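> Have a look at the structure that comes next, please.
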Amino acid sequence: LIEQPTIKQFHLGMFEIGRPLGKGKFGRVYLARERTSGFICALKVLHKSELSQGGVERQVRREIEIQSNLRHPNILQLFGHFHDSKRVFLILEFAAKGELYKHLRRENRFPEWKASQYIAQMASALRYLHRKHIIHRDIKPENILVGIHGEIKISDFGWSVHAPNSRRKTMCGTLDYLPPEMIKPGTSDNSYNEKVDLWSLGVLTYEFLVGEAPFEDTPVMTQRRIARADMSIPSFVSPEARDLIKKLLVLDPEKRIPLEQVQTHAWIVKHCTKSSSSRDKS
Ligand SMILES: CC(=O)N[C@H]1CCN(c2c(Cl)cnc3[nH]c(-c4cn(C)nc4C)nc23)C1
């Protein structure tokens, strides 16, 4: 008898559903426990009717296809998915310390040692994604969760695509994190590449240290300020952090500091402890 590999088939009856953890744009997320193993996870429930109305089935299929093949300590893991007649279910890793932006709002801004460790982990995760030619395209505090050991986990791959990519239709949500090449129509081709995540990493670094985004303004002004990289860095930001931000928020994508040099930058090296969560596992 040839041993059949056990393909894990998941179904709703396998899970005890716990408290709601929050809701994304197209679905709600619940704490859940797999009955036999007691394994704790986050169950994201998407309604097929809402997905078709929102015209996002393709995006969800891409999110599933991309995230199922990723394994990195700073990327929220997708363990599997299943569906019934009305809903699609994503079995996601549970991030015990919740949404990073809530910590940021509560603390107003992060101390340099914490911001530096978070950016080191982000750079490690982005290097891993870029090596697989995946652009996240939506790096912002709202899409980052915090694990039990305080390590960060990039979540919500709804907007990620395989690089290089021509511009999709209009974006929704905040403009604050969009790089100049995704805002103004390119002269020749409006394609862009992984370097868009470098710009967003610069915006994230700034927001961690200052408590607000560098180009935060009215939508029209934000676009204008991004297109000119028009921002000022407050004096309380250390010279090393200022140096890294200025090397990421560069209009020309090709001139942005590469991720390898982010990880060896003075501001990152200065604060990185040898604790496991911050060591580069990419
Ligand atoms: C777009 C989106 O799904 N956003 C959030 C909702 C909860 N969700 C979680 C996901 Cl997908 C995974 N783990 C989570 N942990 C929490 C959480 C933990 N605490 C203490 N508080 C919360 C909240 N939330 C999640 C992602």
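> How much accessible surface area, in Å² rounded to 10, belongs to the heavy atoms of H265 with a 1.4 Å probe?
The accessible area of H265 comes to roughly 20 Å².
> I'd like the orientation of helix 112-131 relative to the chain: the angle between its Cα long axis and the longest Cα principal axis, in ° from 0 to 90, rounded to 10.
60 degrees
> What is the gain in length, in nm to one decimal, between F236 and S49 on full extension, counting 0.36 nm per residue of separation less the C-alpha to C-alpha distance?
On the way: separation 187, 0.36 × 187 = 67.32 nm, distance 4.93 nm.
Gain on stretching F236 to S49: 62.4 nm.
> Just subtract the alpha-carbon distance of R33 and R87 from 0.36 nm times their residue separation and send over the number in nm, one decimal. It would help to have the intermediate numbers written out before the result.
On the way: separation 54, 0.36 × 54 = 19.44 nm, distance 1.87 nm.
In short, 17.6 nm is gained.
> Turning to a different aspect of this structure: Calculate the length of the line joining the C-alpha centroid of region 24-86 to that of region 107-128, in whole Å.
26 Å
> Where in region 105-119 does the amide nitrogen come within less than 18 Å of the point 7 Å from the Cα of T174, taken along Cα to Cβ?
105-111, 115-116, 118-119
> Would you please report the Å³ per residue occupied by the convex hull of the alpha carbon atoms in the chain?
160 Å³
> Separate question: Top to bottom by accessible area (1.4 Å), largest first, where do T264, T174, T36 land?
Working: T264 100, T174 60, T36 125 Å².
Accessible-area ranking of T264, T174, T36, largest first: T36, T264, T174.
> What angle, in degrees between 0 and 90 and rounded to the nearest 10, separates the Cα long axis of helix 239-248 from the longest principal axis of the Cα atoms of the chain?
Helix 239-248 sits roughly 70 degrees off the main axis of the chain.
> Have a look at region 9-145 and give its Rg and Dmax from the Cα atoms, expressed in angstrom.
16.0, 49
> Now for a separate question. Could you give the length gained on full extension between D252 and E65, defined as 0.36 nm per residue of separation minus the Cα-Cα distance, in nm? Could the numbers behind the result be given before it?
On the way: separation 187, 0.36 × 187 = 67.32 nm, distance 3.11 nm.
Value of the extension gain: 64.2 nm.
> Under the definition of Cα pairs under 8 Å and six or more residues apart, what whole-number percent is the relative contact order of the chain? Spell out each step's value before the answer.
Values: 463 pairs, mean separation 47.6, N = 282.
Once divided by the residue count of the chain, the mean separation gives 17 percent.
> Could you pull out every one of the lysines with an alpha carbon less than 19 Å from that of K246, ignoring same-chain neighbours closer than 8 positions?
Hits, sequence-local ones excluded: K140, K195, K255, K270.
> Under a straight-distance cross-link criterion of Cα-Cα below 27 Å, which lysines are reachable from K8, leaving out those fewer than 8 residues away in the same chain?
In chain and number order, the partners are K23, K44, K48, K86, K132, K153.
> Counting Lys and Arg as +1 and Asp and Glu as -1, what is the net charge of the other residues whose Cβ lies under 14 Å from the Cβ of A227? Please list the in-between numbers first.
On the way: positive: K184, R224, R225, R228; negative: D176, E181, D217, D230, D252.
Once all neighbours under 14 Å are counted, the net charge is -1.
> Helix-derived [θ] at 222 nm for the chain: sum -39500 (n - 2.57) over DSSP H runs of at least 4, divide by residue count, nearest 500? Each step should come with its number before you reach the end.
Numbers: 10 runs with 97 residues, N = 282.
Result for the chain, helices only: -10000 deg cm²/dmol.
> Run the quick spin-label model on K270 and R105: label points 7 Å from Cα toward the beta carbon, then report their separation in nm to one decimal.
Label at K270, label at R105, 3.1 nm between them.
> Over region 1-128, what is the mean sequence separation of C-alpha contacts under 8 Å (at least six apart), divided by residue count, expressed as relative contact order in percent? Don't jump to the answer; show the numbers that get you there.
Values: 149 pairs, mean separation 24.4, N = 128.
Normalised by residue count, the contact order of region 1-128 is 19 percent.
The values are calculated or read from the model by the stated rules, or taken from the named source; none is laboratory data. Bear in mind that the values here come from a model prediction, so they are computed numbers and not experimental data. Glycine gets a Cβ as well: all are built from the backbone with ideal geometry, and neighbour counts include every protein chain shown. In case anyone asks, the SASA skips ligands and DNA or RNA and just uses the protein heavy atoms, side chains included. Shrake-Rupley method; radii C 1.70, N 1.55, O 1.52, S 1.80 Å.
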